[in-house]
Amino acid sequence: MRGFLLVITVFILIFAFPLFATGDLDNQHSNHPVSDGHEVQSIPHMDGTELTLPWVIPFAGILLSIAIFPLVAPRIWHHHFGKISAFWALVLLILMLMKFGIGVTGFELLHVSLLEYFPFIILLLTLFTIAGGVRLTGSLRGSPPVNIGFLLLGTILASWMGTTGAAMLLIRPLIRANKWRQKKVHVVIFFIFLVANIGGSLTPLGDPPLFLGFLKGLDPSGDGCQQKYMLQEN
């Protein structure tokens, strides 16, 4: 399966790009006037204003699959999670092909893969590798003050080293500290909420949506973001 996906990726990057770049020009390009009165031809792109509410179904489907399948059908999920994810991806690609054509769909696929997905995966892999190689040892006992300290420290670190890095760094010490407890699921749940999700919301490196916005050139302070959209509207 991995070899097949690799072959498909290489085919798209090497052989299919000219097809995507020279597809149906009427669907791919639009002319925009510039300040000197001339018209320039833009690159193929998908107009987000044309997307309606049903377009969220593939995204909601894969999220619900990740959340529900491990609970109600763990064996099916662990053996076929790749196929389930590929199914929702194909649903989106088929809808895009029907709506925008092969040119725009191919361009957006390459754009998202090369400029958003791979940089994002590289960031997560780096944080995962570095934090996964650090082992914190000690004799802490998982009392309420100690657990609150873990959650507070992890929430702060998440915005500095990413939710993935902070979670990888502190989850094992937290589990060892609470090993003596009979009921400890709630501790891990709060850890997931605070450290692996909410804690990274203060910086672009801490939270995936903020990082993707940072890759798009948006200013985290908000001023640059506002100025950019004002220029686009004008």
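The values are calculated or read from the model by the stated rules, or taken from the named source; none is laboratory data. No experiment lies behind these values; they were computed from the predicted model shown. Reconstructed Cβ throughout: ideal geometry from the backbone, glycine too, with neighbour counts over all protein chains shown.
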Practice item. Could you grab the pairs with beta carbons closer than 9 Å, sequence gap of 6+ or different chains, first residue in the range 116-134 and touching a residue at least 12 places away in the same chain (Cβ under 8 Å), second one of a type in the set (S, T, N, Q)? Key: Leu123/Thr164; Leu124/Thr164; Leu127/Thr163; Leu127/Thr164; Phe128/Thr164; Ala131/Thr164
Review point. Out of (1) free of Cβ contacts under 8 Å to residues at least 40 places away in the same chain; (2) closer than 25 Å to Gly213 by Cα, the odd one out for Phe81 is which?
Key: (2)
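Results for (1) over 30 Å from Ile189 (Cα atoms); (2) modelled with pLDDT of 85 or more, shown as yes or no for each residue.
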residue: Phe20; (1), (2): yes, no
residue: Met46; (1), (2): yes, no
residue: Pro58; (1), (2): no, yes
residue: Ile68; (1), (2): no, yes
residue: Lys83; (1), (2): no, yes
residue: Thr105; (1), (2): yes, yes
Exercise for review: Quick one: which helices (runs of 4 or more DSSP H) lie wholly within the range 66-185 and hold at least 1 residues that are crowded, with 16+ Cβ neighbours inside 10 Å and not assigned by TED's automatic domain parsing to the domain that holds Leu212?
Suggested key: 74-112, 118-132
Review point. Scanning the range 90-139 for residues that are under 19 Å from His45 (Cα atoms) and of a type in the set (Gly, Ala, Ser), which turns out nearest to the chain's Cα centre (by Cα)?
Key: Ser113
